[in-house]
1. Looking at S111, is it among the polar types (S, T, N, Q), farther than 23 Å from Q156 by Cβ, modelled with pLDDT of 95 or more and assigned by TED's automatic domain parsing to the domain that holds R177?
2. Does H81 satisfy the criteria of being touching a strand residue (DSSP E or B) at 6+ places or on another chain (Cβ under 8 Å) and under 24 Å from F173 (Cβ atoms)?
3. Give the range 22-40 a look and list any residue that's more than 15 Å from H167 (Cβ to Cβ) and free of Cβ contacts under 8 Å to residues at least 12 places away in the same chain, or say none.
4. Being away from the ligand (no atom under 15 Å from the Cβ), surrounded by 13 or more Cβ atoms within 10 Å (Cβ to Cβ) and more than 19 Å from E166 (Cα to Cα) narrows it down to one residue among E12, E44; which is it?
5. Of (1) out of contact with any helix residue (DSSP H, G or I) (no Cβ under 9 Å at 6 or more places or on another chain); (2) at pLDDT below 95, D64 satisfies all except one. Which?
6. Kindly indicate the residue of the range 66-95 that is part of a helix (DSSP H, G or I) and among the hydrophobic types (A, V, I, L, M, F, W, C) and also nearest to the ligand (Cβ to nearest atom) among those meeting that condition.
7. Between residues in the range 155-166 that are on the phi < 0 side of the Ramachandran plot and residues that are part of a loop (DSSP other than H, G, I, E, B) and within 16 Å of the ligand (Cβ to nearest atom), which pairs lie under 6 Å by C-beta distance while being six or more apart or on different chains?
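The values are calculated or read from the model by the stated rules, or taken from the named source; none is laboratory data. What you see is a predicted model; the values in this text were computed from it and never measured. Neighbour counts run over all protein chains shown; Cβ positions are idealised from the backbone, glycine included.
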Amino acid sequence: MLTLPKLPYSYEALQDFGMGKETMEYHHGLHHKAYVDNGNKLLEGSDWENKDIEEIILGNFKLDSKSQNGIFNNVAQHWNHCEFWKMMTPKKSTMPGELEKSIIDSFGSLSNFKDEFVAAGVSQFGSGWCWLVKDSDDRLSITKTENGLNPLCFSQKALLGCDVWEHAYYLDFRNKRPAYILNFLENLTDWEYVSSKL
Ligand SMILES: [Fe+2]
């Protein structure tokens, strides 16, 4: 049973940081809620009904890794959005030293990291996500995934994920996806939360 989480802040809390109240009302209250409602309808009476979320995602990814099935799409998008809300904060967030060191070790500089993250999100054709992930060898890397796919499917740990579906940014940034992603990194990301997942 999927449950729409309460946000850790109000719908208008991110307004001054580039993500408006109307975006949040639609994104959390309608889009995320639809993944939860549709996922629950599909899960009811299925073999997956009482499994945990990550088991459902991985199991359905293995069943149908090319054109994802309805259970996968809705449950993975539920997981992605639960993480996305926690990855943002209206409080001023500074990057903890341990995370900064890991990023510089992996990408050469913070500026390179930002450039690569934005480029991944911009080059994701159509809907999807860009991610900062920790690989099985503990290196950090940047990936992009289409639709509801996420790092769990590729045995990676998601440290940071940015939703690049148009519903995430069109009301605030129109067609300027690069500006939306850069703003996400510079004004919205909760770096303490990201660092806690190292
Ligand atoms: Fe979304």
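1. Working: among the polar types (S, T, N, Q): yes; farther than 23 Å from Q156 by Cβ: yes; modelled with pLDDT of 95 or more: yes; assigned by TED's automatic domain parsing to the domain that holds R177: yes.
So S111 fits the description; yes.
2. Numbers: touching a strand residue (DSSP E or B) at 6+ places or on another chain (Cβ under 8 Å): yes; under 24 Å from F173 (Cβ atoms): yes.
For H81, the condition - touching a strand residue (DSSP E or B) at 6+ places or on another chain (Cβ under 8 Å) and under 24 Å from F173 (Cβ atoms) - is met.
3. Residue satisfying the conditions is D37 alone.
4. Details: E44 fails: surrounded by 13 or more Cβ atoms within 10 Å (Cβ to Cβ).
Within the list E12, E44, the selection yields E12.
5. Looking at each condition in turn, D64 falls short on (1).
6. Once the filter is applied, the top-ranked residue is F84.
7. L160/M87; V164/Q124; W165/S127
Yes/no matrix, rows are residues, columns are (1) surrounded by 15 or more Cβ atoms within 10 Å (Cβ to Cβ); (2) among the β-branched types (V, I, T):
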{"site": "N80", "(1), (2)": "yes, no"}
{"site": "F84", "(1), (2)": "yes, no"}
{"site": "S111", "(1), (2)": "no, no"}
{"site": "E116", "(1), (2)": "yes, no"}
{"site": "F125", "(1), (2)": "no, no"}
{"site": "V133", "(1), (2)": "yes, yes"}
{"site": "N150", "(1), (2)": "yes, no"}
{"site": "C153", "(1), (2)": "yes, no"}
{"site": "V164", "(1), (2)": "yes, yes"}
